[in-house]
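This report concerns only the one structure given below.
The values are calculated or read from the model by the stated rules, or taken from the named source; none is laboratory data. None of the values given here were measured: they were computed from a predicted structure. When we count neighbours, we look across all protein chains shown, and the Cβ atoms used for this are built from the backbone with ideal geometry, even at glycine. Just the protein is used for accessible areas: all its heavy atoms, side chains included, with ligands, DNA and RNA removed. Shrake-Rupley method; radii C 1.70, N 1.55, O 1.52, S 1.80 Å.
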Amino acid sequence: HYRVMRMAGKARRLLSDLFHAYVECPDQLPTSIQAKLRDTDEGLHRVVCDYIAGMTDRYAMTEYKKLFDPEERA
């Protein structure tokens, strides 16, 4: 039970960190998502939420590494 709660906490932190990174610096979003921001009345928060919600677990982890792991950014 503890392990499941710990994994859920890690997932929550990963998703929260991705959300805040994209909101604080939307130019990190793919160009298609940046275009959606320009072409829609939906706000930044909704577009970022939808983008993250569409990610697979593996893709979310890859994006997290790109944004937060210095070795991945090199």
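A 1.4 Å probe run over the protein chains yields, for the chain, 77 Å² of accessible area per residue, whole-number rounding.
Given the rule -39500 (n - 2.57) for each run of at least 4 DSSP H residues, summed and divided by the residues of the chain, what is its mean residue ellipticity at 222 nm, to the nearest 500 deg cm²/dmol? That comes out to -24000 deg cm²/dmol.
Remark on segment 5-58: ratio of C-alpha radius of gyration to 2.2 N^0.38 Å is 1.20. Nonpolar atom fraction for the chain, defined as the carbon and sulfur part of the 1.4 Å probe accessible area, stands at 54 percent. Placing +1 on each Lys and Arg Cβ and -1 on each Asp and Glu Cβ, with no other charges, gives the chain a dipole about its Cα centre of roughly 440 debye.
Counting charges near S16 (Lys, Arg +1; Asp, Glu -1) among other residues having Cβ under 13 Å from its Cβ returns a value of +1.
Between H45 and R12, the FRET efficiency from the beta-carbon distance, with R0 = 22 Å, is close to 0.80.
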